[in-house]
1. Please compute, for peptide D:169-179, the average count of beta-carbon atoms on other protein chains lying within 10 Å of each residue's beta-carbon.
2. Per-residue mean of other chain beta-carbon atoms within 10 angstrom of the beta-carbon, peptide E:48-61?
3. For segment D:159-274, what is the charge dipole size about the Cα centre, in debye to the nearest 20, if Lys and Arg each add +1 at the Cβ and Asp and Glu each add -1 at the Cβ?
4. Considering only B:262, B:53, B:247, give the residue with the highest GNM mean-square fluctuation for chain B, with springs between Cα atoms whenever their separation is below 10 Å.
5. Heavy-atom accessible area per residue, segment A:2-214, 1.4 Å probe: how many Å²?
6. Show me the helices of chain E, taken as full DSSP H stretches, that run 18 Å or more along their long axis by Cα and average 1.0 or above in Kyte-Doolittle hydropathy.
7. Any chance you could list P(r) for segment D:180-236, counting all Cα-Cα pairs in 10 angstrom bins from zero, rounded to whole %?
8. Just how much of residue B:250 is accessible, in Å², when a 1.4 Å probe is used and the result is rounded to the nearest 10?
Amino acid sequence: MDTLLNNFDLFTEGFKNTLILFSFSAIIALVLGGVVGAFRVSPVTSMRAVGTFYVNTIRNTPLTLIMFFCAFGYPKLQLPEISYMNLAIIALSVYTATYVAETLRSGINTVPLGQAEAARAIGLPFGQTMTLIILPQAFRAVIPPMMSVFIALLKNTTVAAGFSVMEAGAVKNYLSERGEPAIVGLLWVALVFILLVGVLAFLQRKLENMWKVAR
Amino acid sequence: MASRGYRVGMTDSESAPGAAQLNAFETTSNPILADIGKPLVVVSGVEKFYGEFHALKNINLTVTKGEVVVVIGPSGSGKSTLCRTINRLETISAGEILIDGKKLPEEGKALATLRADVGMVFQSFNLFAHKSILENVALGPVKVRKRQRADAEMAARMLLDRVGVGEQADKMPAQLSGGQQQRVAIARALAMKPKVMLFDEPTSALDPEMINEVLDVMVELAAEGMTMIVVTHEMGFARRAADRVVFMAEGEIIEEAEPEAFFTNPQSDRAKDFLSKLLTN
Amino acid sequence: MASRGYRVGMTDSESAPGAAQLNAFETTSNPILADIGKPLVVVSGVEKFYGEFHALKNINLTVTKGEVVVVIGPSGSGKSTLCRTINRLETISAGEILIDGKKLPEEGKALATLRADVGMVFQSFNLFAHKSILENVALGPVKVRKRQRADAEMAARMLLDRVGVGEQADKMPAQLSGGQQQRVAIARALAMKPKVMLFDEPTSALDPEMINEVLDVMVELAAEGMTMIVVTHEMGFARRAADRVVFMAEGEIIEEAEPEAFFTNPQSDRAKDFLSKLLTN
Amino acid sequence: GGPANDGDNTAGDSNSRFEVAKDVSLSGSPTFDAMVKRDKVIIGVKEDQPNLGYRDAATGERTGFDVEIATWIAASLGFGADQIEFKAIPSVSRESAIVNGDIDYYVGTYSITDARKEQVDFAGPYFITGQGLLVAADNDTIKSEKDLKGMRVCSATGSTPIQNIKDNFPDTKTVEFDTYSQCVEALTDGQVDAVTTDAAILIGYAAQDPDNLTVVGEPFTVEKYGVGLAKGDAVLRAHINDLFTNGNDTWTQIYDDTLGQSGTKVQQPEVDAS
Amino acid sequence: MTSLLFDAPGPRAKRLNVLLNVVVLALVLVALVFVLWQFYQTGQFESRKWSIFTYPLVQQSLLRATVATLQAFAVGAVLSLVLGLLLAIGRMSAHPWVRLPCMWVVELFRATPLLILMMILYYGLPPLGFTFITPFIAVVTALTVYNGAVLAEVFRAGVESLPSGQSEAGYAIGLRKSQVLSLVLMPQAIRAMLPVIIAQLVVILKDSALGFIVTYQELLYEAKRLGTQVQFGSPIIPAAIVVGIIYVGLCLILSGVSTWLERRLRRSPSSLVHKTTQDISQVQL
Ligand SMILES: Nc1ncnc2c1ncn2[C@@H]1O[C@H](COP(=O)(O)OP(=O)(O)OP(=O)(O)O)[C@@H](O)[C@H]1O
Ligand SMILES: Nc1ncnc2c1ncn2[C@@H]1O[C@H](COP(=O)(O)OP(=O)(O)OP(=O)(O)O)[C@@H](O)[C@H]1O
Ligand SMILES: [Mg+2]
Ligand SMILES: [Mg+2]
């Protein structure tokens, strides 16, 4: 407890940055993933190919390597300067977007074939079939797995600790500079993560029950 | 795979594209009887391939206004496929389909408009799971026919009453029994005031006691003069309501006849075999 | 919710726990006829709740050796539930079930042993999807009855021949038609040499052409003296094979009678209503 | 050790200068017992600090002042160059590597501090330097530590200099990586304005890339480099301290061959036996 | 997949598709040219930066790093599968004193970031006297407990995805609970969840890259070391590209194995091809 109280500044600073990383990455990943997901289910071959290529390469690359590229590779390209925090957000977003895209895609796949056919059979055009019938149902099916994606994102923010972002995963380094035992700080960090994940999981269950489409 | 121009079966009349723009079925009144007998659905020389697999082989079929055609045949014979090509849920590989004298459009608004004129009832009901019963029925009229929501809902309630599920209007589909869901699905199709109704095994996913409540609605619809194409195994329905029975096997129309003639005296061996299997018990 | 001690229906004989340890059904020979008439399954005062919902209400039913009892009733009336309580796939809230004079064990080895003596055939076949047909049938004898694999497979092949799917022994379940799968399921149950067989709507998931091939196997089994409890909507089967028809509605046994008597002259209004719904078409 | 240790033995004949002691016995030193048992000494070093602890990725050759000191100690313990396994350990995991017994001792710009003494023991010091600043050669604004206000300063995670910056230069933004080379990369890429750590290290880098990098100002702290040892191994500690104290001109030779090439003259420090 | 969302295209739709194809390809081309140009301009294609990979020693060390990565992966994968199976069986136990602890273990380890687990093992435990913990042990143990917990849930979801009739049919022929689990449910659950299981194995392979933070000298560690070699012009981008290709290659091989297995299973009728597999797959990153 002393470790926590004496170094409260470190913990608050660390988790504040964790939450910043988390929320910005989540939003960007959602938008980017939505676009990629749309590409993935598009009837246009080249769009599907681009979507598939993006998902397959990024998903098969460790997040750590993507962050490595962003933190050390990007600055070498003499493009506009970006802070390490923002580079970490970019890496997390690019990585998480692939999972968002796949979740959206499988969410659409959970809507039974018959739903789209029935919509077409009463004369709804493509746009309305999507907006009135498919997406509202897919959206509900997507919520639980999407929350899992966000839970994973939350945990993945710790990887930024290796790339000069002072977030929860880096608290241990600062603590050991202050001569605190690593284990105590790490256990506190783990505990806070377990709580945060618990909150998200609770939310997930709540939303799932609220939105479930009875079939 | 162009249509080779010869016909199988008995309905060889070529379509006579008519000016009949009246809705064949009004939910509140009986159909205009004047048009009865004009060809409404004309399927000619239709071929369908799934990759290598030849699912429909030179299908020719004409359904006239007010006619009720029952399609039977063993599993996998292409009954569903035929039914679904008629509102282009499946594309065809060759041949032509005319609805009320007009060629089936290939896409876009024209196709959507045509589909609105062709009601379809599926084996698995396919009610929109996230919308209430009332919304299911009113959705088409509001979004496709651009009717006022209030009007559409009023009409929907009347239709639901007619098929006997008026009480359930505000429930969700999952809360209804299969028989009730299927009757809602019929109401949903009727709400579009279609010229022809397609039924693809509408009772085969139902518990036995519920089969009749759905068949009763269909019999009534037939009696009121609706043009219907019905894929079903219910021989009782075929006997009571069909004008014609079409027997399919392996993607071909093997036999067409009046129900009594077909059931008592099938011509082909395959039909005999099929019927004997069905009727022994 | 203790059993309230009164009985509905006609089979009021209390179970007479017998020493009959002989298998009622030998796959190779006819059953020992000497035991015929002794109570084999005795259900008394059984109540079943799902939460608040009262699914079975004071059920009393005795099935004697060699008897074939058909259970009918509308959907949700508790037929499946009753069937499943008899080998404790569902627990009961009150009452007692005796099989061959012994109380149904609650768990563990004793329960497993009892279940091996009660064959069950499900609506959806439930063949083990990852095992071949032969393995499906031989699994029970090898793992439960501890027979040699070679012996068990030989016996399994004979049983498969008997139900007419001997050719398919080395295929996987998914490669068989529904009718064939259900016959395998019957063979799988028979392989355990059960004292009684439970059938829960064995034909209602089948395509119409396949129903008879399954019913034929069941009729034959009945003729050979197997004790059977059959939930079914197939009135033809009930007429041909049943010794007694039990009619259930809303969790209660409403009526029990010989098939002819029941179908021609049902006593209760609910049975009349139900039969009229089934038979109109 | 881990299965994929990078322990190439030092190549080259610079090591042959240390006479390998024979029949060494250090009774009461568990670390030494472990070395003898495996007939090999495992030394933690840096491998990305030119002229201090450096490993040429292409040739595998390890060079630098710390490497020489480490080899000298090994020789005094009876282990020749072919019995040394070097292991690169970044600053942040030095304590755990020692505590875990992954390495026998650590020679790599390891400043002696009280906080670290809680976990490990130090022999030495064997070198004294102070914190300095490395900036881009064309940087006109930073001339000494007084100009750090508002600047982005990089150093290694868990190192003394970064802690010093945080404590005494609160208006400075800190950036941390686990090796100094990454900081130097960040400096050349313009992601940071200065790299700070011990001047000895910075000089090594500046000497590698004199066109782009330069060391500015005077050292503004005092850092004493020690040899990191498992806590409680007083026998080994005393042995190394003796070596440093009675090594005659070996130390000076090592210095002249490595860091001394930069031109700076330095005296060998007194060991702190307390 | 697409047949669900889109009508079979008519002539106009086909023309639109062609147009969109052209536009997308053009955009991709532009993006590609921009990136390559930027690489070229900043000297990323200079031979000096790539020549480092021509040295045998460098190639050897890359190979060694690849082996280190694969070692951590292989040991972690096997142990995770075993642990996952045990935890899954434990969680499905009828006895609360088995079920509850298993449940807690699964929930706790799933909620803790893998990196924090590794740090606890490598930095946290040794001062308490657990001095045997090498980077390898830390990496493998963390991978095992984390992925074991995840896999436990996968196995459980697999069992729960099976139609309840499968277990009932097992009970009905007199099998005991353990027999039903081992003879009927688990074999089918593993088949049904195979794609998810392999996806999780890919995760293990990727997560082994976190090992560099606890100084496990695997591929990423090597990339960092090579990337900061000043005499080769700090070839960080070349190193990242090389290591990236190795990772993507390894993961693709694994995913390829998965697709191959899946296709084989789908072709052989022995498996229930569960449409739901994808839905139940808990996405783990
Ligand atoms: N999308 C498809 N791709 C490939 N083959 C298909 C497809 N849809 C149907 N088929 C095949 O076409 C044939 C005809 O199918 P169809 O569904 O029309 O038969 P059916 O007569 O309706 O049978 P059932 O009574 O079982 O519904 C079958 O052999 C089926 O396997
Ligand atoms: N596990 C359960 N939990 C709650 N209610 C249940 C459960 N199983 C069955 N019920 C309810 O118990 C009642 C009897 O079900 P049962 O399946 O026995 O009916 P049934 O007569 O076999 O009907 P069907 O002909 O549709 O198979 C139904 O109302 C059903 O909803
Ligand atoms: Mg069909
Ligand atoms: Mg039932």
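1. 4
2. On the way: counts 0, 1, 0, 1, 2, 1, 1, 5, 2, 7, 4, 0, 2, 5.
The per-residue average across the peptide is 2.
3. Values: 6 positive and 19 negative charges, 64 e Å.
Dipole size: approximately 300 debye.
4. Judging by the Gaussian network model, the answer is B:53.
5. Details: 7600 Å² over 213 residues.
Ligands and nucleic acids excluded, the figure is 36 Å² per residue.
6. Values: long enough: E:11-41 (45 Å, 1.43); E:56-91 (50 Å, 1.44); E:96-111 (22 Å, 0.73); E:135-161 (38 Å, 1.15); E:186-207 (28 Å, 1.32); E:236-267 (45 Å, 1.25).
Taking the DSSP H segments of chain E (at least 18 Å long, mean hydropathy at least 1.0), we get E:11-41, E:56-91, E:135-161, E:186-207, E:236-267.
7. Reading upward from the zero bin: 19, 42, 21, 14, 4.
8. Near enough 120 Å² of accessible area.
The values are calculated or read from the model by the stated rules, or taken from the named source; none is laboratory data. Everything numeric here is computed off the predicted structure, so don't read it as measured data. So basically every Cβ, Gly included, is an ideal-geometry build from the backbone, and we count neighbours across all protein chains shown. For the accessible areas, the whole protein counts, side chains as well, though only heavy atoms, and no ligand, DNA or RNA atoms are used. Shrake-Rupley method; radii C 1.70, N 1.55, O 1.52, S 1.80 Å.
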